[in-house]
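Contents: one structure, followed by commentary.
The values are calculated or read from the model by the stated rules, or taken from the named source; none is laboratory data. The model shown is predicted, which means the values in this text are computed figures rather than measured ones. Cβ sites come from the backbone with ideal geometry, for glycine too, and all protein chains shown count toward neighbours.
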Amino acid sequence: MNGGDEGPLRRAAPALLGLGVLALWEGLVRAYAVPDYVLPGPLAVARALAADWPLLSASLLVTLEVAVLALAAAVLVGGLLAVLFAQSRWLERALFPYAVVLQVTPIVAIAPLILIWVDNVTVALLICAWIVAFFPVLSNTVLGLRSADRNLADLFRLYGATRWQVLWLLRLPSALPFFLAGLRVAGGLALIGAVVAEFVAGAGGSGSGLAFRILEASFQLRIPRMFAALALISACGIALFALLGLLQHRLLRRWHESALARER
Amino acid sequence: MDCGRSPPSPGLSLRIPGFAFAGVPVLGAFALELRGGETTALLGPSGSGKSTLLRMVAGLLPAPAGARIAAADGGPVAGRLAWMAQQDLLLPWLDLLGNVMLGARLRGEAPDRARALRLIEAVGLAGRERARPAELSGGMRQRAALARTLMEDRPFVLMDEPFSAVDAPTRHRLQGLAARLLAGRTVLLVTHDPLEAMRLAHRVLVLRGSPAVPVEVPVPAAAPPREAHDVAVLTAQGALLESLAEATAEAA
């Protein structure tokens, strides 16, 4: 995020590299006459994307909705829990291990259970994606709340600040950079969680998200459509990551070391 | 420059029965009267307990049993203190004006904006009210911290090496500024800098011995703030430096 004097070539480097790889891919597929059902070239994938756009875009919205809602829930629950933990060591000691258990349990293993227990498929998917996404928000925010400068805390004490003021005016702003870093990780995880849960649900024949389209296309051997759906998921993840990065930059650029322009 | 003078500040009397940190005695038993409206400088080797004493007075460290820290007018000490540390202690997410008015905000009072602006001008930062600390240089940040300390308008001012992190000319200017703007307050100034002590303080104490107790050293006859090039100041500074060197040798 430290832009400024970068030349246009350096800025375009990732895109150029991507185009190069795509061209190589297309060339190899054509040179060796690889059939579409084994490995479609990028042009075939693009054609499938255009042809199936009504179907894929509807699925994209479904997946995106789950991911974004799960991220929002992760922020809400992770943030609130972190604030509670910061207020009470006792509560943290009691609850944190369970948050870790939730984090380390493979989501593929518990998704089928959640899909059985929860009737509404969207809600079940939401729960799965939330489980994956909320931990980075929680652990980063807990760390951030605890990282408030001790000398500043002394100053607040000297000025007779209340517990609420210390939280609101000192600890929460101190935690903001940590929270935002956690949010960026959680954004990608929410999408992955949504896709994984859709796979599990899709294997059971229910669903309409992108992962379901991938499964469906693989059963029907429409490999270009599979790749198109995959490309859409990647594009979504990149967009989400970039968007959260932008948010991070806007919120921190005037005061936090990570986002300050270095001119001195 | 009048920034709202308050009535003369009361004195502060300290009686410390000794203080140990993790079982190691740091401060010996002593009694100390800080005279009202005067600046008392406290020097001593590193680890001699200067900052410990300051933090104890501020109430940031629990005072040992039998210790007594009382204002001469019988009022409370807590809540009548302003604090300035070696670090500027500015909140990075607040702008300069917000930082200067932090104390009032924490007390839930309506901050006196006009006074804050006058103080910002007095420390030479007019026009930078909206700047965040990251946009200011080290010396400017320390001046901002000084403005905030003065904004508090407290009778007791505790300073912990307030100017040690800035370069010599800036320090020289800040000392002059602080002396002018802090006149009439009861100030306890912890410092490493003998010249700073001799320029600013009515009384100068050196923490000596182990466990350490404050020992008074002579100061020039003229009232502070004194000129840095005054021969009497330079002579006293030399004597203080020797006393400090002895104190360091004793502590080793």
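B:ALA85: within 14 Å of another protein chain (Cβ to nearest Cβ), under 19 Å from the mean Cα position of the chain (by Cα), surrounded by 20 or more Cβ atoms within 10 Å (Cβ to Cβ) and not β-branched (Val, Ile, Thr), yes or no?
yes
Among the listed residues B:PRO218, B:PRO214, identify the single one that is touching a residue at least 60 places away in the same chain (Cβ under 8 Å), touching a strand residue (DSSP E or B) at 6+ places or on another chain (Cβ under 9 Å) and not hydrophobic (A, V, I, L, M, F, W, C).
B:PRO214
Which of the following residues is more than 29 Å from A:LEU113 (Cα to Cα) and either surrounded by fewer than 21 Cβ atoms within 10 Å (Cβ to Cβ) or more than 19 Å from the chain's Cα centre (by Cα) (or both): A:LEU215, A:LEU180, A:LEU172?
From the options A:LEU215, A:LEU180, A:LEU172, the qualifying one is A:LEU172.
Is it true that A:TRP130 is surrounded by 13 or more Cβ atoms within 10 Å (Cβ to Cβ), more than 30 Å from B:VAL77 (Cα to Cα) and aromatic (Phe, Trp, Tyr)?
So A:TRP130 passes the test.
Go through (1) in the same structural domain as B:VAL215 (by TED's automatic domain parsing); (2) touching a Cys at 6+ places or on another chain (Cβ under 6 Å) for B:ALA70 and report which single condition fails.
(2)
Which residues, counting only those in the range B:38-75, are assigned to a loop (DSSP other than H, G, I, E, B) and within 11 Å of chain A (Cβ to nearest Cβ)?
Of everything in the range B:38-75, those that are assigned to a loop (DSSP other than H, G, I, E, B) and within 11 Å of chain A (Cβ to nearest Cβ) turn out to be B:GLY59, B:LEU60, B:LEU61.
Looking at A:GLU65 and the list (1) under 30 Å from A:ARG225 (Cα atoms); (2) within 14 Å of chain B (Cβ to nearest Cβ), which single condition is not satisfied?
(2)
Filter the range B:192-240 down to the residues that are of a type in the set (Gly, Ala, Ser) and part of a loop (DSSP other than H, G, I, E, B), then identify the one that is surrounded by the most Cβ atoms within 10 Å (Cβ to Cβ).
B:ALA201
Hey, can you tell me all the residues within the range B:166-182 that are touching a residue at least 40 places away in the same chain (Cβ under 8 Å) and either within 30 Å of B:GLY74 (Cβ to Cβ) or outside the structural domain of B:ALA58 (by TED's automatic domain parsing) (or both)?
Correct list: B:ALA179, B:ARG180, B:LEU181, B:LEU182.
On the given criteria, is B:PHE163 within 13 Å of the chain's Cα centre (by Cα) and over 30 Å from B:GLY74 (Cα atoms)?
yes
Can you give me the ranges of the helices (runs of 4 or more DSSP H) entirely in the range A:15-126 with at least 2 residues that are modelled with pLDDT of 95 or more?
Here the list reads A:42-51, A:53-87.
Hey, can you tell me all the residues within the range A:1-45 that are small (Gly, Ala, Ser), in contact (Cβ under 8 Å) with a residue 24 or more places away in the chain and touching a helix residue (DSSP H, G or I) at 6+ places or on another chain (Cβ under 9 Å)?
Answer for the range A:1-45, where residues must be small (Gly, Ala, Ser), in contact (Cβ under 8 Å) with a residue 24 or more places away in the chain and touching a helix residue (DSSP H, G or I) at 6+ places or on another chain (Cβ under 9 Å): just A:ALA44.
It is to be established whether one or more residues within the range A:34-53 are among the aromatic types (Phe, Trp, Tyr), more than 24 Å from the chain's Cα centre (by Cα) and at negative phi.
yes
Can you name every residue in the range B:202-217 that is in contact with a helix residue (DSSP H, G or I) (Cβ under 8 Å, 6 or more places away or on another chain) and more than 20 Å from B:THR39 (Cβ to Cβ)?
B:ARG208, B:GLY209, B:SER210, B:ALA212
Filter the range A:148-176 down to residues that are of a type in the set (S, T, N, Q), touching a residue at least 12 places away in the same chain (Cβ under 8 Å) and farther than 15 Å from B:LEU89 by Cα, then give me how many there are.
The qualifying residues number 0.
Give me the residue from the range A:137-169 that is touching a Gly at 6+ places or on another chain (Cβ under 8 Å) and away from chain B (no Cβ under 14 Å) and, out of that set, surrounded by the fewest Cβ atoms within 10 Å (Cβ to Cβ).
For the range A:137-169, the residue satisfying everything is A:SER139.
Here is a yes/no grid of residues against (1) at pLDDT below 95; (2) over 30 Å from A:VAL196 (Cβ atoms); (3) of a type in the set (Val, Ile, Thr); (4) in contact with a Lys or Arg (Cβ under 8 Å, 6 or more places away or on another chain):
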{"site": "A:VAL132", "(1), (2), (3), (4)": "yes, no, yes, no"}
{"site": "A:VAL137", "(1), (2), (3), (4)": "no, no, yes, no"}
{"site": "A:ASN140", "(1), (2), (3), (4)": "no, no, no, no"}
{"site": "A:ASP149", "(1), (2), (3), (4)": "yes, yes, no, no"}
{"site": "A:ALA153", "(1), (2), (3), (4)": "yes, yes, no, no"}
{"site": "A:ARG157", "(1), (2), (3), (4)": "yes, yes, no, no"}
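Keeping to the range B:240-251, report how many residues are within 13 Å of B:VAL217 (Cα to Cα) and in contact with a strand residue (DSSP E or B) (Cβ under 7 Å, 6 or more places away or on another chain).
Selection size over the range B:240-251: 4.
Could you grab me the full set of residues in the range A:8-64 that are hydroxyl-bearing (Ser, Thr, Tyr), under 18 Å from A:ALA235 (Cα atoms) and surrounded by fewer than 16 Cβ atoms within 10 Å (Cβ to Cβ)?
A:SER57
Taking A:TRP255, is it part of a helix (DSSP H, G or I) and either surrounded by fewer than 21 Cβ atoms within 10 Å (Cβ to Cβ) or at pLDDT below 90 (or both)?
No.
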